[in-house]
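Peer 1: Got a structure here, written out as structure tokens. Questions coming.
Nothing in this text is a laboratory measurement; each read-out follows from the coordinates by a stated rule. Everything quoted here is computed from the prediction, not taken from an experiment. Because the Cβ atoms are built from the backbone with ideal geometry, glycine has one as well, and the counts that use them run over all protein chains shown.
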Amino acid sequence: MKEFSADKPIFRQVADHCIARIRSGAWAASERIPSTKELAVELAVNNRTVMKAYDDLSDSGIIFQRRGLGYYVAPDASERITAFFRREFINSTVPELRRKLELSGISPEELLELLK
């Protein structure tokens with residue numbers, strides 16, 4: 001059973017769990033992944049929650065469904081995951097970071113030095 005946090009929808013946390021499995025190699029490219037029912041039992045969540053996560057991952061091209069056979073990891077899932085997180089970082093994290101830097105008086109040069 002997985003522990004879920006209250007700050008993010010459970011279906012999104014299930015999708016993150018799936019992404020972590022793909023990234024770790026536990027779910028390899030082009031291989032079948034657990035059915036929604038199997039993963040729901042493993043994570044102790046509602047089957048519809050897993051279905052929503054799978055739909056989200058499918059819409060992103062990270063997994064795909066073969067009718068009657070189940071869900072599979074897309075051959076280019078790792079690249080798609082990287083592209084997704086890159087977009088999310090650029091569109092969400094960078095603007096928030098910029099705002100916090102301005103509020104705290106930290107210059108971009110100072111940030112670069114801190115990151116080294």
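Peer 1: Expressed in nm to one decimal, what extension gain is obtained for the pair residue 106 and residue 12 from 0.36 nm per residue of sequence separation less their Cα-Cα distance?
Peer 2: Value of the extension gain: 30.6 nm.
Peer 1: I want to check the label-to-label distance for residue 38 and residue 99. Put each point 7 Å from Cα in the C-beta direction and report it in nm to one decimal.
Peer 2: Distance between the two pseudo-spin positions: 4.2 nm.
Peer 1: If the cut-off is a Cα-Cα distance under 12 Å, which aspartates and glutamates reach residue 8, setting aside same-chain residues fewer than 8 apart in sequence?
Peer 2: 16
Peer 1: As a check on your grasp of the helix formula, calculate [θ] at 222 nm for the chain: sum -39500 (n - 2.57) over DSSP H runs of n ≥ 4, divide by the residue count, round to the nearest 500.
Peer 2: My calculation for the chain gives -17500 deg cm²/dmol from helical runs alone.
Peer 1: Considering the convex hull of the alpha carbon atoms of the chain, report its projected area averaged over all viewing directions, in nm², one decimal.
Peer 2: If you wrap the Cα atoms of the chain in a convex hull and average its projections, you get 9.1 nm².
Peer 1: If the only charges are +1 at each Lys and Arg Cβ and -1 at each Asp and Glu Cβ, what is the size of the charge dipole of the chain around the Cα centre, to the nearest 20 debye?
Peer 2: For this selection, approximately 420 debye.
Peer 1: Taking the Cα-to-Cβ direction at residue 51 and at residue 83 and moving 7 Å from each Cα, how far apart do the two end points lie in nm?
Peer 2: 2.8
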